[in-house]
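Notes for the one structure printed next.
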């Protein structure tokens, strides 16, 4: 990892440097999953076109897709690149902003806790269902749900603690960033 931080300076006040390597690792894993998904889809198309399909490719494709999606959710939480309704909160200041930002993050935290709780239950039940043709337990597909939920909770707590300490207002977003933020 280079000396350059992957954290935007406008968001630094909400993040602990100790979690930067974790974010970097999760981003790399997400990239590998997306790359693996793309490669397995391409190979599946080619082998089916040649009339010699590799049936295990569909399992690998779905595994890459699921893990890439759920790892991506955790990274998006740390980077605040998801639906935080920032257009509303950025127009507020002071205690109103703090309350709105706290509410937004508590909703995401509740979702993360539900992912941990029910994702773990699904993981345990997944040992009774199997993917064909390998007969791999579906539990390994479900495992990413509670793991992602754990990281989402971790990153939300990080943002709440730092937001309450340092304030939620950071450097203002550029006009380009505002266009793509809900």
Query raised in the report: Can you tell which of 97, 51 is outside any loop (DSSP other than H, G, I, E, B) and either farther than 30 Å from residue 15 by Cβ or over 17 Å from the mean Cα position of the chain (by Cα) (or both)?
Result: 97
Report task. For segment 4-34, name all the residues that are in a loop (DSSP other than H, G, I, E, B) and modelled with pLDDT of 80 or more. Result -> 15, 16
Query - Some residue of segment 140-150 being without any contact (Cβ under 8 Å) to a residue 40 or more places away in the chain, outside any helix (DSSP H, G or I) and either crowded, with 16+ Cβ neighbours inside 10 Å or touching a helix residue (DSSP H, G or I) at 6+ places or on another chain (Cβ under 9 Å) (or both) - result: yes
Query raised in the report: Regarding residue 172, is this residue surrounded by fewer than 19 Cβ atoms within 10 Å (Cβ to Cβ), in contact with a helix residue (DSSP H, G or I) (Cβ under 7 Å, 6 or more places away or on another chain) and modelled with pLDDT under 95?
Result: no
Query - Among the residues listed as 40, 117, 121, the single one being crowded, with 16+ Cβ neighbours inside 10 Å and in a helix (DSSP H, G or I) - result: 40
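The values are calculated or read from the model by the stated rules, or taken from the named source; none is laboratory data. Because the structure is predicted, anything quoted here is derived from the model rather than measured. Every residue, glycine among them, receives a Cβ derived from its backbone with ideal geometry; neighbour counts consider all protein chains shown.
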